[in-house]
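Okay, so here's the structure we're looking at.
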Amino acid sequence: MRTAVVDRMTPKERMVAFRAGKPIDRIPCCPGIENSGIRLLGMKFRDYATDATSMADAAIACFKIYRPDSVGCSSDCFTISEAMGSVLNFPEDDVPQLLTPIVKTRADVKKLRGADPKKDGRLQVFVEATKKCVRAIGDEVFISAATGGPFTTAAGLRGTENFARDIYRDPELVHELLKLSLESCLTFTDAIHDAGGSAEFSEPIASCSLISEKHFREFALPYLIPLVERIKHYEGGSASLHVCGKTMNILSALVETGVTTLSLDNVVDIAEVKRLIGDKVCLTGNVPPTEVLFKGTPEMVDASVYEILRKGYDNPRGFIMSTGCGVPTDAPPENIHALMNAVRKYGAWPVTFDD
């Protein structure tokens, strides 16, 4: 039976070598476990989501205990929507939720202004948390800050259901909201870069679980392209994107965004995605965060990592082990340790499998 191999590189050394196509000690692992730091420190989610020191402390604790290959400051997908005027609800110990979108009528669009990371909403929380993480652990690991992309941000300005209806009844309004959302996403990207980190975005509202390929190409793709270009400008040509839900019908469109790394939900099969676009992008994924990391056992985590690595490790443009989406805050620490240890067992380079 295999045992975990001790890491011979720091996470930053590993990712630098991986991006350059140079030898690495094992497959990188960048799971969505940032929120787990909350429980390590006994804090409530509201404090984590609204206070820079709390957010940074949780991310730093998560890194020091689990040693993932990236560390992110993230809370929810409507951070920029809030900074532009929408109101969120902040439960004491749960993810912030969209409460009151700012755009109730078409006339409300006139109220919108681009979000200023220095003063609007919680953007400064992310900027300051990024700075604190960079100072504390930035010599060992890359730091990122993540939130919703232009399509998801626009949905947060209008309300998801109304936004979905507007795609059919008022596409001009949709494009107006998307242009303003893109502007704020670009400003957020600039601010996080200036803080020493990299901006990352997810588009949970833009998957084929909610919209069609036609609508993705019409409304999401044109606004992701310039955002990806801005990120690549700062990151030496690298940019990643996560899209929750079903994405098989939009894989070619996702490649057209220009991303170099595509993070996949666990509802899609890594082997099939590899067959279709593996020669074009690095793939990241996709251990089920709820069924396996939260509800499962260490043995289930180990088996899931083995199977996903077996399917994806030889992707032509590279493979990064991760989770299909963000891991629930209360996922057992032993399962997160099992995830990292399984990557060290089965992902040690050169990767081989017994079957």
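Where a number appears in this text, it was derived from the coordinates with a stated rule and is not lab data. All of these numbers come straight from a predicted model, not from anything done at the bench. Every residue, glycine among them, receives a Cβ derived from its backbone with ideal geometry; neighbour counts consider all protein chains shown.
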task = Quickly run through region 278-304 and pick out the residues that are under 20 Å from the mean Cα position of the chain (by Cα), among the β-branched types (Val, Ile, Thr) and either within 15 Å of Val351 (Cβ to Cβ) or in a helix (DSSP H, G or I) (or both).
result = Thr290, Val292
key: Residue selected from region 129-150 under the condition of a type in the set (D, E, K, R) and out of contact with any Ser or Thr (no Cβ under 9 Å at 6 or more places or on another chain), by the criterion surrounded by the most Cβ atoms within 10 Å (Cβ to Cβ)   = Lys131
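For region 190-216, give me each residue that is part of a loop (DSSP other than H, G, I, E, B) and either under 19 Å from the mean Cα position of the chain (by Cα) or touching a residue at least 60 places away in the same chain (Cβ under 8 Å) (or both). So that I can check it myself, show each step before the final result.
Keep residues of region 190-216 that are part of a loop (DSSP other than H, G, I, E, B), which gives 195-197, 203, 207-212.
Within region 190-216, Ala195, Gly196, Gly197, Glu203, Ser207, Cys208, Ser209, Leu210 qualify.
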ask   = Tell me, which residue of region 252-277 that is out of contact with any helix residue (DSSP H, G or I) (no Cβ under 8 Å at 6 or more places or on another chain) and assigned to a loop (DSSP other than H, G, I, E, B) is surrounded by the fewest Cβ atoms within 10 Å (Cβ to Cβ)?
value = Val267
query = Is region 311-330 home to any residue that is surrounded by 19 or more Cβ atoms within 10 Å (Cβ to Cβ), without any contact (Cβ under 8 Å) to a residue 60 or more places away in the chain, of a type in the set (Gly, Ala, Ser) and closer than 30 Å to Phe216 by Cα?
reply = yes
Pair list, Cβ under 6 Å, 6 or more apart: region 5-18 residue in contact (Cβ under 8 Å) with a residue 40 or more places away in the chain and assigned to a loop (DSSP other than H, G, I, E, B), other residue surrounded by 16 or more Cβ atoms within 10 Å (Cβ to Cβ) and hydroxyl-bearing (Ser, Thr, Tyr) = none
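Check whether at least one residue in region 156-167 is within 19 Å of the chain's Cα centre (by Cα) and in contact (Cβ under 8 Å) with a residue 60 or more places away in the chain, and report yes or no.
At the first step, the residues of region 156-167 found to be within 19 Å of the chain's Cα centre (by Cα) are 156.
Add one more test, that the residue is in contact (Cβ under 8 Å) with a residue 60 or more places away in the chain, and what stays is 156.
Yes: region 156-167 contains one or more residues that are within 19 Å of the chain's Cα centre (by Cα) and in contact (Cβ under 8 Å) with a residue 60 or more places away in the chain.
I'm checking my understanding of the structure. Among residues of region 305-355 that are among the small types (Gly, Ala, Ser), assigned to a loop (DSSP other than H, G, I, E, B) and under 19 Å from the mean Cα position of the chain (by Cα), which one is nearest to Val267 (Cα to Cα)? Let's see the steps before the verdict.
Quick first cut of region 305-355, residues among the small types (Gly, Ala, Ser) only: 312, 318, 322, 324, 326, 331, 338, 342, 347-348.
When the remaining residues are screened for being assigned to a loop (DSSP other than H, G, I, E, B), the result is 318, 324, 326, 331, 347.
The next check asks that each one be under 19 Å from the mean Cα position of the chain (by Cα); those that pass are 318, 324, 326, 331.
Values: Gly318: 20, Gly324: 8, Gly326: 14, Ala331: 19 Å.
So the residue we want is Gly324.
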note = Within region 166-203, restricting to residues that are more than 18 Å from Asp120 (Cα to Cα) and touching a strand residue (DSSP E or B) at 6+ places or on another chain (Cβ under 7 Å), the one that is surrounded by the most Cβ atoms within 10 Å (Cβ to Cβ) is Phe201
task = Answer yes or no: is there a residue in region 65-80 that is over 30 Å from Thr10 (Cα atoms) and either over 17 Å from the mean Cα position of the chain (by Cα) or in a helix (DSSP H, G or I) (or both).
result = yes
task = Would you tally the residues in region 278-296 being among the aliphatic types (A, V, I, L, M) and surrounded by fewer than 18 Cβ atoms within 10 Å (Cβ to Cβ)?
result = 0
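Residues checked against (1) surrounded by 24 or more Cβ atoms within 10 Å (Cβ to Cβ); (2) in contact with a helix residue (DSSP H, G or I) (Cβ under 6 Å, 6 or more places away or on another chain); (3) of a type outside the set (Asp, Glu):
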{"position": "Ile24", "(1), (2), (3)": "no, yes, yes"}
{"position": "Ile33", "(1), (2), (3)": "yes, yes, yes"}
{"position": "Gly37", "(1), (2), (3)": "yes, yes, yes"}
{"position": "Tyr48", "(1), (2), (3)": "yes, yes, yes"}
{"position": "Asp51", "(1), (2), (3)": "no, no, no"}
{"position": "Val87", "(1), (2), (3)": "no, no, yes"}
{"position": "Pro96", "(1), (2), (3)": "no, yes, yes"}
query = Identify, please: which residue in region 53-62 is in contact with a Phe, Trp or Tyr (Cβ under 9 Å, 6 or more places away or on another chain) and surrounded by 23 or more Cβ atoms within 10 Å (Cβ to Cβ) and is, among those, farthest from Lys132 (Cα to Cα)?
reply = Ala58
